[in-house]
1. Would you kindly state how much longer the chain becomes between residue 109 and residue 83 on full extension, computed as 0.36 nm times their sequence separation minus their alpha carbon distance, in nm to one decimal?
2. Assuming 0.36 nm per residue, please report the length gained on full extension of the stretch residue 9 to residue 30 beyond their Cα-Cα distance.
3. Given a cut-off of 14 Å, what percent of all Cα-Cα pairs of the stretch 57-111 lie beyond it?
């Protein structure tokens, strides 16, 4: 019998807590609506639409990486066939192709500076623009 009384008290307490929480949430929503009336609500927005240029950029970067690896593997395989040093040519040029692909992706993404650096080889001090001498 004591358990039934305790369960009913817990149920009543839970209901009052939910009611109080709902009231607070409603008041907060009203205050936010008054502070920012010009912004559309979250419910009016549809799913985010991906930009086609983002897909194109991702496809370009991934194809540059894959192209570098495949080119390195092809050169390594050719060296192995011609020189008979299998599998060392493939291993070395596969790794070099991977490094070249990663560097190309970094340059294309703007993380690494372009190659060759501007003003390289001009004057005695390579890499220093002529007007700063």
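Values quoted throughout were computed directly from the atomic coordinates according to the rules given, and no laboratory measurement underlies them. Since the structure is predicted, the reported quantities are computational estimates derived from the model, not experimental observations.
1. Numbers: separation 26, 0.36 × 26 = 9.36 nm, distance 3.70 nm.
5.7 nm is the gain from fully extending residue 109 to residue 83.
2. Values: separation 21, 0.36 × 21 = 7.56 nm, distance 3.18 nm.
Here the segment from residue 9 to residue 30 would lengthen by 4.4 nm.
3. More than 14 Å apart: 51 percent of the Cα pairs in the stretch 57-111.
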